[in-house]
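Trainee: Take a look at this one; I'll ask things after.
The values are calculated or read from the model by the stated rules, or taken from the named source; none is laboratory data. These figures come from a predicted structure and were not determined experimentally. In this analysis, Cβ positions are derived from the backbone assuming ideal geometry, glycine residues included, and neighbour counts consider all displayed protein chains.
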Amino acid sequence: MFRVAVLASGRGSNFQAIVEHERFGVFKGVEVAVLIYNHPEANVARIAEEYAVPSVFIEYRGKKRTVFEEEVLGTLKEYDVDLACLAGWDQIVGARFFETYRWRLMNIHPSLLPSFGRKGLNGRFVHMAALEYGVKVTGATVFYVDISVDRGPIIVQEPVEVREEEIALYSSDLPGDRERAVEMLSERVLVHEHRLYSKAIQLHAEGRIRVLGDKTIVDYDEDWEEEWREREQPFIEHQKRYWARKRHALEEVLRSPC
Ligand code: GRF
């Protein structure tokens with residue numbers, strides 16, 4: 001089995017999607033070996049418990065970064081990890097971590113890099129920047145982490161169209177409209193993040209990604225893609241049910257009087 005670790009700091013929806021790819025049998029020969037998290041209250045820890053994935057909390061406060069990273073590296077070694085995936089990890093990766101896991105360390109970003117990939121631009125601010133700029137297409141990127149934070153060889157990207165409705169809401173002066181636009185766009189991109197990360201993991205596990213300097217060459221074709229889509233179907237159905245419920249709840253909240 002090819003063993004994956006996820007490193008996360010907060011909500012953990014990407015971690016959950018990766019675990020669900022395993023549980024729905026989408027992955028071939030890939031398992032999630034451990035979750036590493038660095039905030040004791042992080043929601044991601046609750047998800048790991050629910051799915052019975054081993055999890056390790058590593059305190060980062062009050063320590064030098066090198067010491068913290070040694071502990072992370074020690075845990076990855078202990079769990080015999082082949083690939084480490086950052087998913088909402090709020091720590092910058094230091095040289096030793098990057099060198100030990102060179103081209104075995106991935107991250108996901110909610111835009112089409114290099115757009116909106118500046119240092120310090122993360123979470124909802126990425127989507128805000130996209131709406132502010134007025135782009136018509138945004139998306140998600142999975143890439144290998146190198147020392148340059150949000151640069152590093154791109155593995156896969158998925159475009160997502162920005163809806164005119166979102167641009168109109170973002171441009172509105174009415175209270176709450178801007179936030180609603182950012183939330184709508186970030187949720188739609190997130191749906192794609194949840195599929196894209198696992199695809200990159202599977203491609204990596206199959207040894208299909210070659211790094212050439214600052215680029216990658218990914219060896220897969222339409223047949224591979226079709227087979228992946230077919231295996232992913234149960235996850236996609238599950239995802240559709242989840243978002244339908246969530247949207248319903250959101251609409252209820254919006255309808256209810258303040
Ligand atoms: C995602 O949008 C990811 O692209 C970014 O941080 C967010 C993490 O979300 N790097 P979650 O914790 O996986 O829900």
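Trainee: Taking the conditions exactly as written (touching a residue at least 24 places away in the same chain (Cβ under 8 Å), among the acidic types (Asp, Glu) and buried (at least 19 other Cβ atoms within 10 Å of the Cβ)), does GLU166 satisfy them or not?
Mentor: The answer is yes for GLU166.
Trainee: Here's a follow-up. Could you tell me which of the residues PRO114, PRO54, PRO110 is buried (at least 18 other Cβ atoms within 10 Å of the Cβ) and of a type outside the set (Val, Ile, Thr)? I'd like the intermediate steps shown before the answer.
Mentor: On the way: PRO114 fails: buried (at least 18 other Cβ atoms within 10 Å of the Cβ); PRO54 fails: buried (at least 18 other Cβ atoms within 10 Å of the Cβ).
Result of the check over PRO114, PRO54, PRO110: PRO110.
Trainee: So is ARG102 surrounded by fewer than 17 Cβ atoms within 10 Å (Cβ to Cβ), more than 9 Å from the ligand (Cβ to nearest atom) and closer than 24 Å to ARG3 by Cβ or not? Step through it out loud before you land on a result.
Mentor: Values: surrounded by fewer than 17 Cβ atoms within 10 Å (Cβ to Cβ): yes; more than 9 Å from the ligand (Cβ to nearest atom): yes; closer than 24 Å to ARG3 by Cβ: yes.
When the stated conditions are applied, ARG102 passes them.
Trainee: Follow-up. Restricting attention to the range 137-176, and to residues there that are more than 21 Å from ARG118 (Cβ to Cβ) and hydroxyl-bearing (Ser, Thr, Tyr), which single residue is farthest from the chain's Cα centre (by Cα)?
Mentor: For the range 137-176, the residue satisfying everything is SER172.
Trainee: Hey, does the range 46-67 have a residue that's farther than 19 Å from LEU105 by Cβ, modelled with pLDDT of 95 or more, β-branched (Val, Ile, Thr) and within 16 Å of the chain's Cα centre (by Cα)?
Mentor: Yes, the range 46-67 has at least one match.
Trainee: Could you check how many residues of the range 130-153 are out of contact with any Ser or Thr (no Cβ under 6 Å at 6 or more places or on another chain) and either buried (at least 18 other Cβ atoms within 10 Å of the Cβ) or under 24 Å from THR100 (Cβ atoms) (or both)? Spell out the reasoning first.
Mentor: Pass one, the range 130-153, residues out of contact with any Ser or Thr (no Cβ under 6 Å at 6 or more places or on another chain): 131-137, 139-152.
So of that shortlist, the ones also either buried (at least 18 other Cβ atoms within 10 Å of the Cβ) or under 24 Å from THR100 (Cβ atoms) (or both) come out as 131, 139-152.
Result for the range 130-153: 15.
Trainee: Sticking with this structure for a sec: How about the range 108-146: which of its residues are more than 14 Å from the ligand (Cβ to nearest atom) and either in contact with a Cys (Cβ under 7 Å, 6 or more places away or on another chain) or of a type in the set (Lys, Arg) (or both)?
Mentor: Once the filter is applied, which keeps residues that are more than 14 Å from the ligand (Cβ to nearest atom) and either in contact with a Cys (Cβ under 7 Å, 6 or more places away or on another chain) or of a type in the set (Lys, Arg) (or both), the range 108-146 yields only LYS136.
Trainee: Could you identify the single residue in GLY134, GLY74, GLY94, GLY139 that is touching a Pro at 6+ places or on another chain (Cβ under 9 Å) and of a type outside the set (A, V, I, L, M, F, W, C)? Walk me through it before giving the result.
Mentor: Values: GLY134 fails: touching a Pro at 6+ places or on another chain (Cβ under 9 Å); GLY74 fails: touching a Pro at 6+ places or on another chain (Cβ under 9 Å); GLY94 fails: touching a Pro at 6+ places or on another chain (Cβ under 9 Å).
Every option except GLY139 fails the conditions.
Trainee: Scan the range 187-215 residue by residue and report those that are exposed (fewer than 15 other Cβ atoms within 10 Å of the Cβ), under 20 Å from ARG151 (Cα atoms) and small (Gly, Ala, Ser).
Mentor: GLY213 - this is the single residue of the range 187-215 that is exposed (fewer than 15 other Cβ atoms within 10 Å of the Cβ), under 20 Å from ARG151 (Cα atoms) and small (Gly, Ala, Ser).
Trainee: Do you know which residues across the range 128-151 are without any contact (Cβ under 8 Å) to a residue 60 or more places away in the chain, outside any loop (DSSP other than H, G, I, E, B) and of a type outside the set (A, V, I, L, M)?
Mentor: Once the filter is applied, which keeps residues that are without any contact (Cβ under 8 Å) to a residue 60 or more places away in the chain, outside any loop (DSSP other than H, G, I, E, B) and of a type outside the set (A, V, I, L, M), the range 128-151 yields GLU132, TYR133, THR138, GLY139, THR141, PHE143.
Trainee: Name, by its number, the condition in (1) surrounded by fewer than 22 Cβ atoms within 10 Å (Cβ to Cβ); (2) more than 12 Å from the ligand (Cβ to nearest atom) that does not hold for ALA45.
Mentor: Status for ALA45: all satisfied but (2).
Trainee: Inside the range 70-99, can you point out the residues that are of a type in the set (Asp, Glu) and within 16 Å of the ligand (Cβ to nearest atom)?
Mentor: Filtering the range 70-99 for residues of a type in the set (Asp, Glu) gives 70-71, 78, 80, 82, 90, 99.
Once the filter is applied, which keeps residues that are of a type in the set (Asp, Glu) and within 16 Å of the ligand (Cβ to nearest atom), the range 70-99 yields only ASP90.
Trainee: For the range 152-240, which fully contained strands (runs of 3 or more DSSP E) count at least 2 residues that are more than 16 Å from the ligand (Cβ to nearest atom)? Don't jump to the end; show me each part of the working.
Mentor: Working: elements: 154-161, 209-212, 215-218.
Where strands (runs of 3 or more DSSP E) fall fully within the range 152-240 and carry at least 2 residues being more than 16 Å from the ligand (Cβ to nearest atom), they are 209-212, 215-218.
Trainee: Consider the range 1-45. How many of its residues are over 19 Å from LEU105 (Cβ atoms), in contact (Cβ under 8 Å) with a residue 40 or more places away in the chain and of a type in the set (D, E, K, R)?
Mentor: 3
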